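Colleague: Starting off with a structure, shown below.
FYI, it's all coordinate maths here, none of it is from the lab. Here the structure is a predicted model, which means the values were calculated and not measured. Cβ placement follows ideal geometry from the backbone for every residue including glycine, while neighbour counts extend to all protein chains displayed.
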Amino acid sequence: MGGVLGSRNKPPAAMMGRERLGWPAHESGHNVRVNQSMKQHIQVLCDNFGPDLFMCKIKRPCGGVINFFHFFITDGKWTLEFGDEHWYEGAVPQFHVQVHCGPLPTGTEPAEGGLFSNSDDSLEDQIIEEKAFLKSPAVAERMKEVCGITNWSLCFANSEHVCRYVAGGNWTSSQIMEGTDLRRVMAKYMTEYQRKLLNTKPLQLTKQLQHATLHKDAAAFVIHTKTVRAMDQVTHEEMNDAFNIVLLGPTGSGKSNLINHYFNATVSQSKGAASSVTNEILFFSGTASLARAPTKDVDEWHLEERRVNIVDTIGLCDTVLEAPVLHALIKEKLKGNLAHIDRVVFVCAGRVTQEHQDAIEQFQKWLRFSTYFENFTFIYNKADLLQEEDREQALFDMCGMLKAGNHVLTCHRDLFPSAVLRGSNPGVQSFVATVSAKRECVLRTAIGLTPDKLREDDMMQLLDSTMIPVMNKTEQGYQRIPLSEEDCTIL
Ligand SMILES: Nc1nc2c(ncn2[C@@H]2O[C@H](COP(=O)(O)OP(=O)(O)OP(=O)(O)O)[C@@H](O)[C@H]2O)c(=O)[nH]1
Ligand SMILES: [Mg+2]
C-alpha cells in the first residue's frame with residue numbers, strides 16, 4: 001500500500017478533474033451549489049427524524065482515497081448523508097445531500113450496548129459513533145439548509161463538513177486538516193487563497209449580522225472596514241504593516257463581546273447561550289491610530305493610521321468540536337492567514353478549570369510564550385460581576401493558574417490608545433519634543449465591558465493592554481510572533 005492514495009500516492013487524473021470543479025474561485029469565494037427542486041422535496045423528510053441524533057462515520061475509500069471516512073447523521077431509522085445507493089468502492093461521488101430511510105450506509109447491525117460502536121477506528125464496515133446530540137431547533141434548521149447540496153468535494157464540501165455543520169454549525173473536516181496526508185497531497189494543487197478557504201463555511205450558509213453601534217456617545221478606536229473568513233491576498237508590505245491581534249479563551253468568556261468594543265459596533269455575534277456561539281474563525285479588519293516604528297521620514301516612534309486585524313476564534317473547550325479538531329483548526333487558520341501575531345489575548349471569566357488551563361497551555365507552547373511573553377495579554381473578563389475588592393484576586397488566581405508571569409511594556413505616554421482616545425495626543429510634530437515621557441503598560445488586567453453601560457476605565461485598559469506594539473531594536477522595530485514557515489521551524 002502506500003500513502004493516502006494507495007500505492008501511487010497521487011490523485012487519479014479523472015478524480016482531480018472532478019474534484020477541482022468543486023474548488024472555490026478567487027472572485028466568488030466558497031459557495032455550495034444547491035438543486036432547489038430536489039431540496040424542496042428532501043427537506044420535508046427531515047421532519048421524520050426523532051429527537052436523538054447520532055453523527056456516525058464508516059471507513060469508505062472514496063475517489064481513490066484510501067482510509068477515508070464517510071460521515072452521516074441518523075436517528076437509527078432515518079439518515080441524512082451526502083450520497084446514494086449508487087456509491088461503490090473507489091467511485092468519485094456524483095451526488096447530493098439527501099435523506100432516506102433505507103438501510104444505514106452498510107446495513108451493519110447496531111453494536112451491543114449502544115446504537116453504534118464508538119471504540120475501534122480500524123474496523124472496515126463498522127459504523128463508529130462520533131457524537132450523540134439532540135435535534136434542537138437550530139439543528140433541524142441546519143438539516144434543512146444542507147438538503148440538496150450538489151457540489152461534493154473531498155477538500156471543500158465532503159460528508160464530514162456537512163455532518164459537523166448540521167451537528168454544531170462548524171464547516172470542518174478533520175480529514176483535510178493540516179497535518180493529514182490528504183491535505184499534504186491536495187494542497188499542492190491549490191492556490192494560496194484556496195488553501196485559506198479550506199474548512200471555511202460556504203457563503204450561502206453564513207448569516208449576515210447587522211452592525212449596530214454599541215455605545216452611542218463613544219468613539220470607536222478601530223474603524224471597521226470588513227469582516228472576512230480568509231484574508232485577501234495583500235502585498236507583502238501590507239501584510240507586514242498590519243497589527244494583528246488574536247483572542248483566545250474558553251467558550252463564553254466574552255471574546256466576541258470584547259471584539260465588538262474595539263469597533264464600538266456589533267461586528268461579531270456575542271450572546272449568552274448554553275452552547276458555543278462563535279462557530280467559525282473570523283478576521284475583522286479596520287484602521288486605528290497606532291504606534292509606528294521610526295520610518296525614513298519620521299525619526300521617532302509616532303502615531304499613524306495602521307491596518308488592524310482582530311481575530312475572533314471558536315471558544316476553547318467548545319461545546320461542539322472535540323479539542324484536537326478545534327486546536328488544529330485554529331492553528332491552521334492563524335498560520336494560513338497571518339504572517340505574524342502582534343498580540344495574543346487570553347480571555348477567561350468565572351472559574352478557570354483544569355480543561356481551560358490545559359487548552360490555553362497548548363496555545364502558549366505553540367506560540368512560544370516563553371520567548372514572546374511580551375506579546376501576550378491575560379484578561380480576566382466579566383469583572384463587573386465581582387466586588388471591586390475581588391477583581392484583583394481573581395486576576396491573580398487566573399494568572400497563577402496560567403503561569404502568566406507579571407510582564408509590563410514600556411511605551412511613550414502619547415502612544416497609548418487611551419491618550420489617543422482622550423485627545424491628549426499632541427500629534428507627531430510636538431510629540432517629538434515630549435519623547436522622554438514614558439509609561440508602563442501592564443499585560444494582565446481584570447475588566448468588565450457590557451453593551452448596556454460604557455465602563456470607560458475598563459475600555460482604556462482593554463485598548464492599552466492589547467494595542468501597544470512591543471518595541472525592539474530589530475530592523476522592523478517590532479517584536480512579533482512569527483507564524484510563517486520560513487520564519488519558524490517549530491510551527
Ligand atoms: N457581565 C458581563 N457579561 C459579559 C461580559 N463579556 C461578555 N459577557 C456576556 O457573556 C456572554 C458570552 O459572551 P460572548 O462574547 O458570546 O463570549 P465568547 O467568548 O465569544 O463565546 P464563544 O463564541 O462561545 O466562544 C454574552 O451574554 C455576553 O453579553 C462582561 O464583561 N461582563
Ligand atoms: Mg464568540
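Colleague: Determine the shape class of the stretch 202-287: with a ≥ b ≥ c the square roots of the Cα gyration tensor eigenvalues, call it rounded for a/c under 1.5, and otherwise prolate if a/b is greater than b/c, oblate otherwise.
Modeller: Values: a/c = 1.63, a/b = 1.24, b/c = 1.32.
Here the stretch 202-287 falls in the oblate category.
Colleague: Translational diffusion coefficient, Stokes-Einstein: compute it for the stretch 256-305 using the Kirkwood radius over C-alpha pairs as Rh, at 10 °C and 1.306 mPa s, and state it as an integer in µm² s⁻¹.
Modeller: Values: Rh = 13.7 Å.
D, rounded to a whole number, is 116 µm²/s.
Colleague: Using C-alpha positions alone, give me the convex hull volume of the chain per residue in cubic angstrom. Walk me through the numbers on the way to the answer.
Modeller: Numbers: hull volume 80.4 nm³, N = 491.
With only Cα atoms used, the chain gives 164 Å³ per residue.
Colleague: Follow-up question, since we're still on this one. Which order, highest average first, do 294-301, 129-136, 357-364 follow once you tally other Cβ atoms within 10 Å for each residue and take the mean per peptide? Don't skip to the answer; put the middle values down first.
Modeller: On the way: 294-301: 12.0, 129-136: 15.9, 357-364: 18.5.
Highest-to-lowest ranking by the protection proxy: 357-364, 129-136, 294-301.
Colleague: Sort largest first and round to whole Å: the equivalent ellipsoid semi-axes of the stretch 253-360, each the square root of five times a Cα gyration tensor eigenvalue.
Modeller: Details: eigenvalues 185, 52, 34 Å².
Each semi-axis is the square root of five times an eigenvalue, giving 30, 16, 13 Å.
Colleague: Could you check the simple spin-label distance between ALA140 and TYR189, using points 7 Å along Cα→Cβ, in nm with one decimal?
Modeller: 4.0
Colleague: What angle do you read, to the nearest 10 degrees and between 0 and 90, between the alpha-carbon axis of helix 159-168 and the longest principal axis of the chain?
Modeller: That works out to roughly 60 degrees.
Colleague: Follow-up. Report the gain in length on full extension from GLU300 to SER370: 0.36 nm times residue separation, minus Cα-Cα distance, nm rounded to one decimal.
Modeller: Working: separation 70, 0.36 × 70 = 25.20 nm, distance 2.92 nm.
Residue separation times 0.36 nm, minus the Cα-Cα distance, leaves 22.3 nm.
Colleague: Additional query: Restricting to Cα pairs below 8 Å that are 6+ residues apart, what does the relative contact order work out to for the chain? Please round to a whole percent.
Modeller: Once normalised by length, the contact order is 12 percent.
Colleague: Okay, moving on. Calculated from DSSP H runs of 4 or more alone, at -39500 (n - 2.57) each and per residue, what is the 222 nm mean residue ellipticity of the chain, nearest 500? Provide the component values of the computation, followed by the final result.
Modeller: Numbers: 15 runs with 132 residues, N = 491.
It lands at -7500 deg cm²/dmol.
Colleague: Taking 0.36 nm per residue of separation and subtracting the Cα-Cα distance, what length does fully extending THR235 through ARG422 add?
Modeller: On the way: separation 187, 0.36 × 187 = 67.32 nm, distance 3.34 nm.
Residue separation times 0.36 nm, minus the Cα-Cα distance, leaves 64.0 nm.
Colleague: Mind checking which lysines have their C-alpha under 18 Å from LYS135, skipping anything on the same chain fewer than 8 residues away?
Modeller: In chain and number order, the partners are LYS77, LYS144.
Colleague: Here's another thing I want to ask about it. Restricting to lysines 8 or more places apart or on different chains, can you count the pairs in the stretch 223-482 with Cα atoms under 24 Å from each other?
Modeller: Close lysine pairs found across the stretch 223-482: 26.
Colleague: Using only the alpha-carbon atoms, how far is helix 456-466 inclined from the longest principal axis of the chain? Give it as 0 to 90 degrees, nearest 10.
Modeller: 70
Colleague: In degrees between 0 and 90, to the nearest 10, how far off the longest principal axis of the chain does helix 354-366 point, with axes built from Cα atoms?
Modeller: 80
Colleague: So if R0 is 60 Å, what FRET efficiency would GLN393 and HIS100 give, r being the distance between their Cβ atoms, rounded to the nearest 0.05? Present the calculation step by step, with values, prior to reporting the outcome.
Modeller: Details: r = 58 Å, r/R0 = 0.96.
Calculated value: 0.55.
Colleague: If I model a spin label as a point 7 Å beyond the Cα along the Cα-Cβ vector, how far apart are those points for LYS271 and THR319 in nm?
Modeller: Placing both labels 7 Å along Cα→Cβ, they lie 1.2 nm apart.
Colleague: Further, regarding this structure: Quick one, what does Rg over Rh come out to for the stretch 223-482 if you take C-alpha atoms and the Kirkwood Rh? The partial results should precede the final answer.
Modeller: Working: Rg = 17.7 Å, Rh = 18.7 Å.
Rounded to two decimals, Rg/Rh equals 0.94.
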